[in-house]
1. Kindly list the number of the only condition in (1) open to solvent by less than 40 Å² (accessible area, probe 1.4 Å); (2) at pLDDT below 75; (3) in contact with a Ser or Thr (Cβ under 9 Å, 6 or more places away or on another chain); (4) within 28 Å of Gly62 (Cβ to Cβ) that fails for Leu197.
2. What are the pairs with Cβ atoms under 7 angstrom where one residue, in the range 60-74, is open to solvent by 40 Å² or more (accessible area, probe 1.4 Å) and the other, located anywhere, is among the aromatic types (Phe, Trp, Tyr) and in a helix (DSSP H, G or I)? Sequence gap at least six, or different chains.
3. Check Val168, Val267, Val236 and return the single one that is of a type in the set (Val, Ile, Thr) and modelled with pLDDT under 85.
4. Out of all the residues in the range 92-109, is one or more without any contact (Cβ under 8 Å) to a residue 12 or more places away in the chain and of a type outside the set (Lys, Arg)?
5. Need the failing condition index for Thr158 against (1) loosely packed, with under 15 Cβ neighbours inside 10 Å; (2) modelled with pLDDT under 85; (3) of a type outside the set (Lys, Arg), just the number.
6. Quick one: Met174 ticks every box in (1) among the aliphatic types (A, V, I, L, M); (2) open to solvent by less than 20 Å² (accessible area, probe 1.4 Å); (3) at pLDDT 80 or above bar one, so which box is it?
Amino acid sequence: MSSSRSDSSKPYYATSSLVIGYALCSSLLAVINKFAITYFNYPGLLTALQYLTSAVGVWLLGKLGFLHHDAFAWDTAKKFLPAALVFYLAIFTNTNLLRHANVDTFIVFRSLTPLLVAVADTVFRGQPRPSRLTFLSLLVILAGAVGYVANDSAFTLTAYSWALAYLVTITTEMVYIKHMVSTLELNTWGLVYYNNLLSLMIAPLFWFLTGEHKEVFTAVNANGGDVFEPVAFFAVALSCVFGFLISFFGFAARKAISATAFTVTGVVNKFLTVVINVVIWDKHATPFGLVCLLVTICGGVGYQQSVTVAKKPTNGPSKASNNADKGDDELMELIPGKVATNV
């Protein structure tokens, strides 16, 4: 009896650990990236270094036998390329948003994604519509975001242009990559390897299109061949390490939970980001802006509470149905509180 309970609890704790790992990395990475872009003002090169660290890290650990990842194949790469492009655009707009705005502005626009992802999942993936209470929670998120924007004293057209671009790309990325994770036969480390390696291949194109290569070459010539100062080196190295960690936890969590639940997890854990951001420096919103920001987080918590239901037992589902809904079913079985997907 006890052995059965122990076996059944293993996937529960495994999935919980993945979600917690993703939440911690996501909470810290926003502040770390802002720290990095403040002292190393080259967003294209910064993200390329993060992709390089993650791709080489997975390859090296695979060679040493610490992990297993799917071997690189061009046929699979061609199928994954659109997802990698969407992922790259999401990170590219995210980094430029942090370059021109504070972390709180990033969090507010990140907080809007559950509402858009829920709509996109219903329209494009044929998932059930959110319940009224769930939709109300998502509207609370929207209300908090509107209040923040209306009282943002640091509003600039450039920052909010990047914010809107980020909102569009991250919503597309959340839904589309969930689809790719569900259809491609790749393990978690294989997804990390393909995603970062293909993103690294895409990076030079945007590096030259934005003209950032000229800024880097100018800085290198001005500093005698050295583009890194000690603080900048530490900031970039730290962002690369956390970029590698969130690559794993992000894809592992995507495989275990639904797109909207994954997105909401990213919203709720931003509470820790807000606390850290307020404590370490003055690059944050006004007190009223912080209140509005907390409203969006409360909306995320309300969303999670509104979709907490017990999973109904089923009698012998078909194999095809079981495979199609595997990611969403795992969420109800393994996440604390048996959170239903509602997407």
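1. Failing condition for Leu197: (2).
2. Listed pairs, sorted by first residue: His68/Trp189.
3. One residue alone meets the criteria, Val267.
4. Checked the range 92-109: no residue is without any contact (Cβ under 8 Å) to a residue 12 or more places away in the chain and of a type outside the set (Lys, Arg).
5. All conditions pass for Thr158, except number (2).
6. Every condition holds for Met174 apart from (3).
The values are calculated or read from the model by the stated rules, or taken from the named source; none is laboratory data. These figures come from a predicted structure and were not determined experimentally. Don't worry about glycine lacking a Cβ; one is built from the backbone with ideal geometry, like all the others, and counts go over all protein chains shown. For the accessible areas, the whole protein counts, side chains as well, though only heavy atoms, and no ligand, DNA or RNA atoms are used. Shrake-Rupley method; radii C 1.70, N 1.55, O 1.52, S 1.80 Å.
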